[in-house]
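Engineer: Quick one: the structure is below, and I'll ask about it shortly.
The values are calculated or read from the model by the stated rules, or taken from the named source; none is laboratory data. The structure displayed is predicted, hence computed values, not measured ones. Neighbour counts are summed over all protein chains in view; Cβ atoms, including those assigned to glycine, are modelled from backbone coordinates with ideal geometry. Quick note on the areas: whole protein, heavy atoms, side chains included, nothing else; ligands and nucleic acids left out. Shrake-Rupley method; radii C 1.70, N 1.55, O 1.52, S 1.80 Å.
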Amino acid sequence: MSAQPIVRLENVGKKYGNVVSLKGVTLEIGANEIVGLIGDNGAGKSTLIKVLTGVEAPTSGTLYVKGNKIDANSYSVKEAHKLRIETVYQDSSLGEKQPLWRNFFVGRPITNRFGFIDVKAEKKIAEHIMRTTIGFRGVGINVDTPVSRLSGGERQGVAIGRAMHFDSDLIVLDEPTVALAIKEVQKVLDFIRSIKAGGRSCIYIEHNIHHVHEVCDRLVVLDRGEVALDAPTSSMTYLELTDFLMSLHQRRVAAVAS
């Protein structure tokens, strides 16, 4: 990782009343790396991402972005965008009936000197993103194609391409392969690789451990709100990772039984 990480969390905790979701989490995301975030439902993954991206403030601890301490009271999704942190959710948040070029710039349009949307400029940039950043070269898909005609994997590609266009240093992917066919999953994994190839970093949240092990540089496992593992992917095989996760599960079962 780089000397100065893109994001650093120090002893971050989050409570919802008496429910503790995060317990003293310390974590860094370095430049140009893909980090796999793994954990069962309720492990704290969603809460961690909400804190990191400005959706919610931590109850305790400190967040740094590019070495600068963040004021939790003023940090928001808008501020995260300004700091070049983007999130791509499972549903991709795309307009089904809108053409691709409109989806690339939703919420952040290119305008001319009169304040009107510059359609020509948006289409030109959308075309460039399609052909280079996310590699859409298929017959029948162009900037005027409505999202409803795209496959699930292609929709994720549009959302990822949009995040990359806005010069994001860190892109958070929230289970982007959910309910996709095998062929479509491979497309998304290729898009994830393109994030690193473009010099950016990615947090990849996924339940399919095989996919995580395939594309990630580093593995972070959350268990009951705590970091149970933070290690390079090269340091353990897929089977070793599976065994580790099984051991965590067995400990949880034993804790409940006692």
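Engineer: Of the GluC sites (Glu not before Pro) in the range 74-164, which ones lie in a loop per DSSP and count no more than 14 other C-beta atoms within 10 Å? Mind dumping the intermediate values first?
Structural biologist: Numbers: sites: E79, E86, E96, E122, E127, E154; in loops: E96.
Hits after loop and neighbour filter: E96.
Engineer: What does the charge dipole of the range 198-258 about its Cα centre add up to, to the nearest 20 debye, if the Cβ of each Lys and Arg holds +1 and the Cβ of each Asp and Glu holds -1? Intermediate results must be reported in sequence, preceding the final value.
Structural biologist: Working: 5 positive and 8 negative charges, 35 e Å.
Dipole of the range 198-258, to the nearest 20 debye: 160 debye.
Engineer: Could you state the accessible area per residue of the chain in Å², with a 1.4 Å probe and every protein chain left in place? Each step should come with its number before you reach the end.
Structural biologist: On the way: 12820 Å² over 258 residues.
In whole numbers, the chain has 50 Å² accessible per residue.
Engineer: Rounded to the nearest 20 Debye, what is the dipole magnitude of the chain about its Cα centre when Lys and Arg each give +1 and Asp and Glu each give -1 at the C-beta? All intermediate terms of the calculation are to be shown ahead of the outcome.
Structural biologist: Working: 32 positive and 29 negative charges, 154 e Å.
It comes to approximately 740 debye.
Engineer: Mind checking which lysines have their Cα closer than 23 Å to the Cα of K123? Skip sequence neighbours fewer than 8 apart in that chain.
Structural biologist: Reachable lysines: K97.
Engineer: Within the range 31-63, whose backbone N sits under 18 Å from a point 7 Å along Cα→Cβ of M246?
Structural biologist: 39-40
Engineer: Just tell me which aspartates and glutamates come within less than 19 Å, Cα to Cα, of K14; anything on the same chain fewer than 8 places away is out.
Structural biologist: The qualifying aspartates and glutamates are E28, D40, E56, D71, D223, E226.
Engineer: Separate question: Per 0.36 nm of contour for each residue apart, how much would the distance between D144 and V178 grow if the chain were fully extended, relative to their Cα-Cα spacing?
Structural biologist: Numbers: separation 34, 0.36 × 34 = 12.24 nm, distance 2.63 nm.
Extra length available between D144 and V178 comes to 9.6 nm.
Engineer: Out of I205, T237, L222, whose Cα points farthest toward the positive end of the dipole of the chain (charges: +1 Lys, Arg; -1 Asp, Glu; placed on Cβ)?
Structural biologist: Working it through, the farthest residue towards the positive pole turns out to be I205.
Engineer: Between S151 and I110, with labels modelled 7 Å along Cα→Cβ, what's the label distance in nm to one decimal, could you check?
Structural biologist: 2.9 nm
Engineer: If Lys and Arg each add +1 and Asp and Glu each add -1, what is the summed charge of the other residues whose beta carbon sits under 15 Å from the beta carbon of C202?
Structural biologist: Values: positive: K45, R84, R162, R193, K196, R200, R218; negative: E28, E33, E86, D167, D169, D174, E175, D190, E206, E214, D217.
Neighbourhood net charge equals -4.
Engineer: Could you give the size of the charge dipole of the range 8-159 about its Cα centre, using +1 on the Cβ of each K and R and -1 on the Cβ of each D and E, expressed in debye and rounded to the nearest 20? Mind showing how you got there, number by number?
Structural biologist: Details: 22 positive and 15 negative charges, 64 e Å.
It works out to roughly 300 debye.
Engineer: Please list, in chain and number order, the residues 5+ apart from N142 or on another chain whose amide H is under 5 Å from its amide H, with Hs placed from the backbone.
Structural biologist: HN-HN under 5 Å from N142: empty list.
Engineer: Considering only DSSP beta bridges whose two residues both sit in the chain, what percent are antiparallel, to the nearest 5? Could the numbers behind the result be given before it?
Structural biologist: On the way: 22 of 39 bridges.
Counting only bridges with both partners in the chain, antiparallel ones make up about 55 percent.
Engineer: If you fit an axis through the alpha-carbon atoms of helix 238-257 and take the longest principal axis of the Cα set of the chain, what angle between them do you get, 0 to 90°, nearest 10?
Structural biologist: Tilt of helix 238-257: around 60 degrees.
Engineer: Excluding the sites themselves, what is the longest stretch of the chain that contains no trypsin sites (Lys or Arg not before Pro) in a DSSP loop with at most 12 other C-beta atoms within 10 Å?
Structural biologist: Working: sites that count: K97, R113, R137.
Maximal segment without exposed cleavage sites: 138-258.
Engineer: Below 14 Å, Cα to Cα, which aspartates and glutamates can K183 reach? Residues fewer than 8 away in the same chain don't count.
Structural biologist: Leaving aside aspartates and glutamates fewer than 8 places away in the same chain, those within reach of K183 are E154.
Engineer: Mind checking which of I141, S168, I182 is farthest towards the positive end of the range 118-189's charge dipole, using Cβ charges of +1 (Lys, Arg) and -1 (Asp, Glu) about the Cα centre?
Structural biologist: I141
Engineer: Specify the inter-centroid distance of the range 21-97 and the range 171-200, based on alpha-carbon positions, in whole Å.
Structural biologist: Cα centres, the range 21-97 to the range 171-200: 18 Å.
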